[in-house]
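One structure is given here, and the rest of the page talks about it.
The values are calculated or read from the model by the stated rules, or taken from the named source; none is laboratory data. What you are looking at is a predicted structure, and each value in this text was computed from that prediction instead of being measured. Every residue, glycine among them, receives a Cβ derived from its backbone with ideal geometry; neighbour counts consider all protein chains shown.
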Amino acid sequence: MDNIPSFDKVHLKFKLNGTYYDREDLKEVAYSFVKEGEPYEQSIGDFLMDWLNDKDHLYVRTSGSTGTPKHIRLQKQFMVNSAIASGDFFGISVGDTALHCLPAEYIAGKMMLVRAMILGLEIDLVAPSLNPMREIDSNYHFSAMIPLQVYNSLPKLNQIKQLIVGGAPVTKELIEAVQEKHTNVYETYGMTETVTHIAAKQINNFRNKEEIEEAHFKILPNITIGLDQRGCLVIDAPNIAEETIVTNDLVELINANEFDWKGRYDNIINSGGIKLIPEQLEKKMAGIIEQRFFVYGIADKELGEKLVLVVEGHKDDTLQETLKKSKTLKKHECPKEIYFTDAFVETENGKVIREASLNKITM
């Protein structure tokens, strides 16, 4: 760690929207963004002013997809260490170009800026939208998006050399859609507490379907993983977190450096003594249901919890029968009820809030 740059330094090769800035100049840019910028620029300005002050820490807001949103204190040096680890893992070099198209209110958007300032990248800013590449003609070495942004950017995806995808599960349809792209696309695993991703899995440029199935999440440098008694991932990463992090993510350890994500422990449905992992069921149903959907467990006198399916879109009276006839689902994996809704409840950065979406229908 001797050669790791300090958080109070800005790389000499750092460029923002085509212009070189040192630390003092960047403070003026931040102030200008806050006072005169577009809403997305104001968020970037707010973060830069926090980053460039004399404090060694800042506060980051969680998305609230798995609980009440909260503010977490992060050491700035941990964010620098995370940026260095990402640079090593993805082979990002000084002078590489990057596209920033995520909200700066959350850790993923903040870390794109930190990577640029620390690694010496030339980063361009565009307003966060569900189609960020729409008016982009330039080529980039690196970018980060949520899955829906990737899907809407497919016609122009080859303009990005390496792309990391996070914030929501990557669907089977998206994996299939990016197979023929030249872009190296990686699904990431992480959270605010781990300063974005601690692991990544390439999801395209495979020779066959078997290789897709055999791809696992690989951890970044200086991280150790294990399991607790529930089968949930435990992360020891002293360079980016002050304490060992015990997650609620059910995983299968492949080896000391690789794992497969199975689902959330707090989403498990105990139906008549059978434990169902919603994310695994959703994976099975993905080839049957075209609309967005999720499964959930609701209270039931006989079963304790019963499995229900919540679908976004028009009502389909044939869906229940279609699922029952499916060869991929066992009898106890078929939902007891199906609910339909016009739109799911989401966090600001597009994550579906399951309980709130179901309550909107049933309350």
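Details
- Which listed residue, of Asn81, Asn139, is touching a residue at least 60 places away in the same chain (Cβ under 8 Å) and more than 15 Å from Phe14 (Cβ to Cβ): Asn81
- Between Ala98, Ala85, the distinction of being out of contact with any Cys (no Cβ under 8 Å at 6 or more places or on another chain), more than 18 Å from Glu242 (Cα to Cα) and of a type in the set (A, V, I, L, M, F, W, C) belongs to Ala98 only.
- Candidates are the residues of segment 336-352 that are under 24 Å from the mean Cα position of the chain (by Cα) and in a loop (DSSP other than H, G, I, E, B); the one that is surrounded by the most Cβ atoms within 10 Å (Cβ to Cβ) is Phe344.
- Of all residues in segment 294-318, those that are on the phi > 0 side of the Ramachandran plot and in the same structural domain as Gln280 (by TED's automatic domain parsing) have Cβ atoms under 8 Å from Cβ atoms of residues that are at pLDDT 90 or above and outside any loop (DSSP other than H, G, I, E, B), 6 or more apart or on another chain, in Gly304/Asn270; Gly304/Ser271; Gly313/Phe340.
- Check on Asn158, modelled with pLDDT of 95 or more, assigned to a loop (DSSP other than H, G, I, E, B), touching a Ser or Thr at 6+ places or on another chain (Cβ under 7 Å) and surrounded by fewer than 19 Cβ atoms within 10 Å (Cβ to Cβ): no
- Selected residue [closer than 28 Å to Gly231 by Cα, among the charged types (D, E, K, R) and surrounded by fewer than 14 Cβ atoms within 10 Å (Cβ to Cβ)] from Glu355, Glu333, Glu290: Glu355
- Only a single criterion out of (1) in contact with a Leu (Cβ under 8 Å, 6 or more places away or on another chain); (2) of a type in the set (Phe, Trp, Tyr); (3) in a loop (DSSP other than H, G, I, E, B) is not satisfied by Phe7, namely (1).
- Options Ile289, Ile225, Ile254, Ile203; residue that is touching a His at 6+ places or on another chain (Cβ under 6 Å) and free of Cβ contacts under 8 Å to residues at least 40 places away in the same chain: Ile254
- Filter pass, Glu180 being over 17 Å from the mean Cα position of the chain (by Cα) and among the acidic types (Asp, Glu): yes
- One residue from Arg207, Arg230 being surrounded by fewer than 19 Cβ atoms within 10 Å (Cβ to Cβ), under 28 Å from Arg73 (Cα atoms) and among the basic types (Lys, Arg): Arg230
- Qualifying residue in segment 175-189 (condition: touching a His at 6+ places or on another chain (Cβ under 7 Å) and over 24 Å from Asn17 (Cα atoms)): yes
- When segment 293-319 is filtered for residues that are buried (at least 17 other Cβ atoms within 10 Å of the Cβ) and assigned to a loop (DSSP other than H, G, I, E, B), only Leu303 remains.
- Residue check for Ala168: in contact (Cβ under 8 Å) with a residue 40 or more places away in the chain, surrounded by fewer than 18 Cβ atoms within 10 Å (Cβ to Cβ), outside the structural domain of Arg354 (by TED's automatic domain parsing) and at negative phi: yes
- Residue, modelled with the lowest pLDDT, within segment 210-224, restricted to residues that are touching a strand residue (DSSP E or B) at 6+ places or on another chain (Cβ under 7 Å) and surrounded by fewer than 20 Cβ atoms within 10 Å (Cβ to Cβ): Ala215
- When Lys324 is tested against (1) surrounded by fewer than 14 Cβ atoms within 10 Å (Cβ to Cβ); (2) in a helix (DSSP H, G or I); (3) out of contact with any helix residue (DSSP H, G or I) (no Cβ under 9 Å at 6 or more places or on another chain), only condition (3) is not met.
- Subset tally (residues that are part of a strand (DSSP E or B) and not charged (D, E, K, R)) for segment 214-234: 9
Okay, residues lined up against (1) touching a residue at least 60 places away in the same chain (Cβ under 8 Å); (2) outside the structural domain of Thr247 (by TED's automatic domain parsing); (3) surrounded by fewer than 22 Cβ atoms within 10 Å (Cβ to Cβ); (4) within 30 Å of Val345 (Cβ to Cβ):
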residue	(1), (2), (3), (4)
Leu52	no, no, yes, no
Leu58	no, no, yes, yes
Lys76	yes, no, yes, no
Ser93	no, no, yes, no
Ala116	yes, no, no, no
Leu121	yes, no, no, no
